[in-house]
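K.L.:
Following this message is one structure expressed as structure tokens.
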Amino acid sequence: MKLYQKLFADFDEMYLAHATLGIIASSCIGSIAAMLILMKGHAFINMFELFLVVVVCMGFNAAVLAQMKPKFVFNALILSLGVSILLIIINLI
């Protein structure tokens with residue numbers, strides 16, 4: 001929890017810079033996850049995984065554009081990166 005508080009304090013201090021970098025990171029890692037999912041096939045489970053990646057990445061982008069509170073945006077960034085990285089690992093196995 002101490003790491004989370006430290007990272008959030010840094011994120012909150014320079015919100016605009018970190019939100020901009022977060023959009024780039026979320027979009028890049030999300031697109032890698034989408035590419036790997038589509039390389040596996042076009043079955044229902046693959047399309048559901050693709051839907052999940054797109055929803056969480058676009059959700060983070062929408063949170064930034066809607067100027068939500070920094071804590072919500074930070075949590076959305078963590079969720080977006082976590083889901084994308086998890087699906088990258090799943091589809092690499």
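K.L.:
What are the residues in region 77-93 that are buried (at least 16 other Cβ atoms within 10 Å of the Cβ) and under 12 Å from Cys28 (Cβ atoms), if any?
P.N.:
Ser80, Leu81, Ser84, Ile88
K.L.:
Still on this structure: Are there any pairs, at least 6 apart or on different chains, whose C-beta atoms fall under 7 Å, with the first in region 77-89 and more than 14 Å from Val55 (Cα to Cα) and the second assigned to a helix (DSSP H, G or I) and of a type outside the set (Val, Ile, Thr), and if so, which?
P.N.:
Ile88/Ala33; Ile88/Leu36
K.L.:
Does Phe74 satisfy being touching a His at 6+ places or on another chain (Cβ under 9 Å) and in contact (Cβ under 8 Å) with a residue 24 or more places away in the chain?
P.N.:
So Phe74 passes the test.
K.L.:
With (1) over 18 Å from Asp12 (Cα atoms); (2) at pLDDT 95 or above as the list, and Phe74 as the residue in question, which single condition is left unmet?
P.N.:
Going through (1) over 18 Å from Asp12 (Cα atoms); (2) at pLDDT 95 or above one by one, Phe74 breaks only (1).
The values are calculated or read from the model by the stated rules, or taken from the named source; none is laboratory data. The structure presented is a predicted model; accordingly, all values stated were derived computationally and were not measured. Positions of Cβ are generated from backbone atoms using ideal geometry, with glycine treated the same way; all protein chains shown enter the neighbour counts.
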